[in-house]
1. Tell me, please, whether a residue that is open to solvent by 10 Å² or more (accessible area, probe 1.4 Å), part of a helix (DSSP H, G or I), of a type outside the set (D, E, K, R) and closer than 20 Å to ARG187 by Cα can be found in the range 208-220.
2. Starting from residues that are open to solvent by less than 20 Å² (accessible area, probe 1.4 Å) and closer than 11 Å to ALA190 by Cβ, keep the ones in the range 223-238 and report whichever is modelled with the lowest pLDDT.
3. Residues that are of a type in the set (Val, Ile, Thr) and at pLDDT 65 or above: which strands (runs of 3 or more DSSP E) entirely in the range 1-112 hold 2 or more of them?
4. Among the residues of the range 188-206 satisfying the criterion of being of a type in the set (Gly, Ala, Ser) and crowded, with 16+ Cβ neighbours inside 10 Å, which is nearest to the chain's Cα centre (by Cα)?
5. Output the number of residues of the range 140-187 satisfying the condition of being aromatic (Phe, Trp, Tyr) and open to solvent by 40 Å² or more (accessible area, probe 1.4 Å).
6. Take the residues in the range 82-115 that are among the acidic types (Asp, Glu) and more than 20 Å from LEU62 (Cα to Cα), then tell me which one is most open to solvent (accessible area, probe 1.4 Å).
7. Among the residues of the range 125-147, are any under 30 Å from PRO258 (Cα atoms) and hydroxyl-bearing (Ser, Thr, Tyr)?
Amino acid sequence: MSADIALPRPNTASQRVGQGTEIEKSRAAAEVYYRLAAAKEMPRDEARAYEQMRKACANPALAEKAFYSVPKGSGGDKATGPSVHLARELARIWQNMDYGVVELRRDDEFGQSEMQAFALDLETNTRPSYLFIQPHRRDLTGGRSKNLTSVQDVYESNANAGARRVREAIFNVLPAAFVAEAQAICRATAEQGDGKPIEQRRAAVIRAFKASFGITEQQLVARLGRSSDRWDAQDVTDLEVLGRSLKAGEVQKDVEFPVVPVTVDEIKASARRPSADPAVPADDDEAEMLREQEEMEREIAEQDAADDDARSES
């Protein structure tokens, strides 16, 4: 007598494929075939591509978005390089290219998505691709992490991870010399700052950090290690790249500008320290601290005088 064996039942909710998906798979396969054929009949003009690249990279609108800056590891190092915005623009200019990112499967039970990013040169049939698992989780400061449950948060996390892999796939297809020249032109364009004087660019980046993130000029000075009047074009460009990374959520404010703890002794020493420039008034907090310190010293002096009188009478 044999007993029935209960086999695991598939998760039909996550594995079923709709009719629209099947139609799209067939359409995509046919489209790639015809695009490959069209690319053979109308090959790219590389001289024209180089000319258009130089013109595009001389535009400040592209140059200001051409680079990124994100933290690397836990040692405070930074990873910088050409951004996905530059990669997509160069792919458009190079022509006969296809690229994208596909979410192959989403598993909400295990909190992850299986995804693929690719780039395809339709003329050479070169196709680097990246298959990866993206956890539905966001890293926080201090080694902590947060599980993502809302549809919008998961979508944004997957889109950001996919964009980084698409960027690498595109740059693995494009000629290295083409990409290197584009980066050099973009960096030179960003340093020129659309022809604005360096003094205006310094003031603008200071205002932008204060208005957008509450980051003061003193914090920027501490980060660069020199006063704002000594910032050169490269310093301003690096801060602009950092500001865009902060807005995009690629880096966190408390990581890039950590709060330095201040001891009680340091506060007292600051209160006693005379201003370097008597013509510059102290801010409200410092003035209040000085008044409290003077009041305390006056009370101590009065108490000492009263004790001396009492001792002399006795």
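1. Taking the range 208-220 and keeping what is open to solvent by 10 Å² or more (accessible area, probe 1.4 Å), we get 208, 210-214, 216-219.
Checking which are part of a helix (DSSP H, G or I) leaves us with 208, 210-213, 217-219.
Cutting the leftovers down to of a type outside the set (D, E, K, R) gives us 208, 211-213, 218-219.
If we keep only those that are closer than 20 Å to ARG187 by Cα as well, we get none.
No, the conditions are met nowhere in the range 208-220.
2. In this case the residue turns out to be THR237.
3. On the way: elements: 67-72, 77-82, 97-107.
Those strands (runs of 3 or more DSSP E) span 97-107.
4. Keep residues of the range 188-206 that are of a type in the set (Gly, Ala, Ser), which gives 188, 190, 193, 195, 203-204.
With the extra rule that they be crowded, with 16+ Cβ neighbours inside 10 Å, the set shrinks to 190, 193.
Details: ALA190: 17, GLY193: 20 Å.
Ranking the qualifying residues of the range 188-206, first place goes to ALA190.
5. Narrowing the range 140-187 to residues aromatic (Phe, Trp, Tyr): 155, 171, 178.
Remaining after also requiring open to solvent by 40 Å² or more (accessible area, probe 1.4 Å): 155.
Looking only at that region, the number is 1.
6. Here is the first cut: in the range 82-115, the residues among the acidic types (Asp, Glu) are 89, 98, 103, 107-109, 114.
Still in the list and also more than 20 Å from LEU62 (Cα to Cα): 98, 103, 107-109, 114.
Details: ASP98: 36, GLU103: 77, ASP107: 19, ASP108: 116, GLU109: 144, GLU114: 67 Å².
The extreme case among them is GLU109.
7. Pass one, the range 125-147, residues under 30 Å from PRO258 (Cα atoms): 134-147.
Next, only the ones that are hydroxyl-bearing (Ser, Thr, Tyr) stay: 141, 145.
Yes, some residue in the range 125-147 is under 30 Å from PRO258 (Cα atoms) and hydroxyl-bearing (Ser, Thr, Tyr).
The values are calculated or read from the model by the stated rules, or taken from the named source; none is laboratory data. If you're wondering where the values come from, they're calculated on a predicted model, not measured in any experiment. Every residue, glycine as well, gets a Cβ built from its backbone with ideal geometry; the counts of neighbours run over all protein chains shown. Surface areas here come from the heavy atoms of the whole protein model, side chains and all, with no ligands, DNA or RNA. Shrake-Rupley method; radii C 1.70, N 1.55, O 1.52, S 1.80 Å.
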